[in-house]
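Scroll down for the structure; my scribbles are underneath it.
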């Protein structure tokens, strides 16, 4: 897979938008990496898990993706359909797990 630089933006529950530049191989890896980084920042409030939209702007080629947090969380919670998907989910859970352990 190819690493791509992306700008990921999401609003917290106070309706403040935050964005961060990340490098990732997949759309969901970009989201997980951005969420992990944003959740460690004291300026970022809680990010909703339901209908909150995460925007991912891939820089090259320029493509914009929008994903609802509920869809991301739902996908992450389902069993992988292939060995590659299982490995990706494990990788993303590890990225996100670092944040959950740091905040508790």
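Under a Gaussian network description of the chain, with springs only between Cα atoms under 10 Å, the residue in 32, 24, 84 that fluctuates furthest is 84.
Please state the relative contact order of the chain as a whole percent: Cα pairs under 8 Å, 6+ residues apart?
Relative contact order of the chain: 27 percent.
With helices as the sole contributors, the chain gives -13500 deg cm²/dmol at 222 nm; each DSSP H run of n ≥ 4 counts as -39500 (n - 2.57), and the sum is divided by every residue. Note that the chain shows a convex hull volume over its alpha carbon atoms of 99 Å³ per residue. Note on the chain: antiparallel DSSP beta bridges, both residues inside, total approximately 100 percent of the bridges counted.
Values in this text are rule-based calculations from the coordinates and carry no lab data. Remember, it's a predicted structure, so these values are computed and weren't measured experimentally.
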